[in-house]
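The values are calculated or read from the model by the stated rules, or taken from the named source; none is laboratory data. Because the structure is a prediction, the values reported are computed rather than measured. Note: ideal-geometry Cβ built from the backbone for every residue, glycine included; neighbour counts use all protein chains shown. Calculation scope for accessible area: heavy atoms of the full protein, side chains included, ligands and nucleic acids excluded. Shrake-Rupley method; radii C 1.70, N 1.55, O 1.52, S 1.80 Å.
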Amino acid sequence: MNTTHPAVTDLRTETMTLNMGPSHPGTHGVLRLLLEVDGETVVSAQPILGYLHSGKEKIAEHRTYHQFIPYTDRLDYVAPLSNNVAYVLAVEKLLGIEATPRAQYIRVLCCELARISAHLLWLGTMAVDLGAVTIIFYAFREREKLNRLFEDLTGVRMNTSYTRVGGLAWDLPEGFESRVRAFLDEFPSQLKEMDGLLTRNRIWYDRCRGVGVISREDAIAYGLTGPSLRAAGVAWDLRKARPYSSYEHFEFDVPVEEAGDSYARYLVRMEEMRQARRIALQAIERMPGGPISVPDPKITPPPKRRILCSMEELIQDFEIVVFGHRAPKGEVYHSIEAPKGELGFYIISEGGGKPYRLKIRSPSFCNLSAMSKMVEGRLLSDVVTVISSLDPVMGEVDR
Amino acid sequence: MFDGNLEDMIMTTRLGEVVKWARKNSLWPMPFGTSCCAIELMSVLTTKYDISRFGAEVARFSPRQADLLMVAGWITRKMAPALRKIYDQMPEPKWVIAMGACASCGGPHNSYAVLQGADEVVPVDMYVPGCPPRPEAVIDAVIKLQERISRASGDETRQGAALAPRQEGA
């Protein structure tokens, strides 16, 4: 690692404290690091968080379960659809209901498209951070296609708020399946193009291989999840381990690498995009029919037309809008395999339409905790590689 | 000695007009992206929307090399001093675009931690609504800012009083 001449190995300089962030292009948003450096070598790295703390968990205590859905978009804003799904699954668990088969399949489709979208953004930004600027234009070309699909489905490109407690906001638009299929059909060749530019690229390999290594044991001890954990040799994927939303119906592989370095994390995410495509294709092929929302007037508001014409339905709508879903007393935790790892919502209910306390277990926060260990003793330039390969989203870290 | 038509070869104008023309067509943005809007700002800068068509693609992460501060995302109380410092480090003349609901007015984050708009700490020239705004909306803000720059009178200090000649507004 340190290729210093033997004659100068005894020489020690004073360490210097270097501030990185909170406005720094390599920190993926607003992460701030206090680095103690000895020459070019990092002695310690102390992350300073809170630059994006918006108090979402506190806000949740003053919103009905329904009203909090838009705030989940703004956690991991790179993959809002998957946050929407995670949150409503937790609320549904609290209410003791299960979404209809069609809603579950559409949610799977949403999660996997969001995964591709999130990984494309990671690929583009990591490549830019390491100097391979070309890749971001390729990645964003594909991401724009996905944004177009999301717009078709939800009405907006980002911050989708598409799921509802007990179902979805509305059904798939006409011809949506064929448009998704057209995207998925050409996606492998586009991904291959990016893969061909990076995977066996000497510079890419040298800057990633052996950088930010974490052992299997440490990865588990730090609570890493998602691609960062699977790159350290642990085949743990909540879609397999604790299937939710019909994931047990789908065939896919969980990519695992043994090395635990940045290159392994890169390989895992690249393969995850291919697997996500596989799942999305299956979801389209086997998409069941039927309603998209639980047919329970206490959960799903009636259609607008009926609200305006019938007293009974007006009262039902009023109850849900004003008082929220009547949740029983209790505590639930539900987590999904989000693009970054295990995204969980822990809800304490004292009864009524609002949570007493809502805790968000965000994968980026836990993954970031291993960063200090990964960069110790490495060169300063490796800090950027490690942060990019962990792929934290600060909206989710600070919440 | 000289046989061309002088009017075909020489353009006469006022110095202020040339300076404004140059400024408006080469805005160098400093993307101060904190959250969701930063991702949409990346869309503005990359393949499909490509803000380089309007001469504003040279994103500089050092405020000393930029004249357009793009505040994209919510600004927390902890972040506010950093934003102000970055604004102060930018050389005059400089402009600020508040991209999105959070940077304009706090957006959905009406909480103890978030400034209700970036204009609590920096003067904002252009507000872009949306959560996040579409890339077209951001491009529209840049175009409107360019129009404003080309209309500016030389007296306005923030439009560069030091460089633009005085007689212009007269």
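Worth a mention:
- In this simple spin-label model, placing a label point 7 Å from the Cα along the Cα-to-Cβ direction at both A:Arg141 and B:Ser62 gives a separation of 3.2 nm.
- Pairwise FRET efficiency - B:Tyr112 versus A:Arg357, Cβ, R0 = 22 Å, nearest 0.05: 0.85
- Relative to the dominant Cα principal axis of chain A, helix A:80-95 is inclined by about 50°.
- Two-decimal Rg to Rh for region B:26-151 - Kirkwood Rh, Cα set: 0.94
- Computed about the Cα centre, the dipole magnitude for region B:26-151 is approximately 200 debye when only Lys and Arg (+1) and Asp and Glu (-1) carry charge, each at its Cβ.
- Springs join every pair of Cα atoms under 10 Å in this Gaussian network model of chain A, and among A:His119, A:His249, A:His325 the largest mean-square fluctuation is at A:His249.
- Chain B: angle of helix B:36-45 to the longest principal axis, Cα-based, in degrees nearest 10: 30
- Measuring against 22 Å, Cα to Cα, the residue pairs A:Lys340/B:Lys78; A:Lys93/A:Lys329; A:Lys373/B:Lys78; A:Lys359/B:Lys85; A:Lys58/A:Lys354; A:Lys93/A:Lys359 contain A:Lys340/B:Lys78; A:Lys373/B:Lys78; A:Lys359/B:Lys85 as the ones spanning a longer distance.
- Between A and B, buried accessible area from a 1.4 angstrom probe totals roughly 2800 Å², ignoring ligands, DNA and RNA.
- A:Ile348 paired with A:Ala169, simple spin-label distance in nm, labels 7 Å along Cα-to-beta-carbon: 3.2
- Other residues lying with their Cβ under 11 Å from the Cβ of B:Ser26 contribute a combined charge of 0, Lys and Arg counting +1, Asp and Glu -1.
- Region B:51-100: radius of gyration over Cα atoms, expressed as a fraction of 2.2 N^0.38 Å: 1.18
- For the protein assembly as shown, the solvent-accessible area of protein heavy atoms averages 42 Å² per residue (probe radius 1.4 Å; ligands and nucleic acids excluded).
- GluC sites (Glu not before Pro) within region A:146-241: DSSP coil, no more than 14 neighbouring Cβ in 10 Å: A:Glu174
- Accessible surface of the protein assembly as shown, 1.4 Å probe, proportion on carbon and sulfur as whole %: 55
- Per-residue extension of 0.36 nm, minus the Cα-Cα distance of A:Asn201 and A:Arg148, leaves a gain of 16.0 nm for this segment.
- MRE, 222 nm, helices only [DSSP H, n ≥ 4, -39500 (n - 2.57), over chain B, to nearest 500]: -10000 deg cm²/dmol
- Charged side chains reduced to their Cβ positions (Lys and Arg at +1, Asp and Glu at -1) give chain A a dipole of some 720 debye around its Cα centre.
- Interface residues of region B:32-47, defined as those losing at least 30 Å² of solvent-accessible heavy-atom surface relative to the isolated chain (probe radius 1.4 Å), are listed as B:Thr34, B:Cys36, B:Ile39, B:Glu40, B:Met42, B:Ser43, B:Thr46, B:Thr47.
- The Cβ shell under 12 Å around A:Ala264 holds other residues with a net charge of +1, Lys and Arg each +1, Asp and Glu each -1.
- With the largest listed first and rounded to whole Å, the semi-axes of the equivalent ellipsoid of region B:68-142 from the Cα gyration tensor are 18, 18, 7.
- The long axis of helix B:80-89 is offset from the longest Cα principal axis of chain B by roughly 10 degrees.
- All Cα-Cα distances of the protein assembly as shown, cut into 20 Å bins from zero to the largest, leave 20, 51, 24, 5, 0 percent in each bin in turn.
- FRET efficiency, B:Asn25 to A:Val133 (Cβ-Cβ, R0 25 Å, nearest 0.05): 0.60
- For region A:328-375 versus region B:1-76, the gap between their alpha-carbon centres in whole angstrom: 42
- Karplus-based coupling profile of region A:217-233, in residue order and whole Hz: 5, 5, 4, 5, 4, 7, x, 5, 9, x, x, 5, 6, 5, 6, 9, x, with θ = phi - 60° in 6.51 cos²θ - 1.76 cosθ + 1.60 and x standing for Gly or Pro.
- Annotation: lysines with alpha-carbon distance below 19 angstrom to B:Lys24 (same-chain offsets under eight excluded): B:Lys94, B:Lys144.
- When the helices of chain A are scored as -39500 (n - 2.57) per DSSP H run of n ≥ 4 and the total is divided over every residue, the value at 222 nm lands at -14000 deg cm²/dmol.
- Region A:172-282 - convex hull of the alpha-carbon atoms, volume per residue in Å³: 112
- When the trypsin sites (Lys or Arg not before Pro) in region A:139-229 are filtered for DSSP coil states and for at most 12 other beta-carbon atoms within 10 Å of their beta-carbon, the remaining sites are A:Arg200.
- DSSP beta bridges in the protein assembly as shown [antiparallel fraction, %, rounded to 5]: 70
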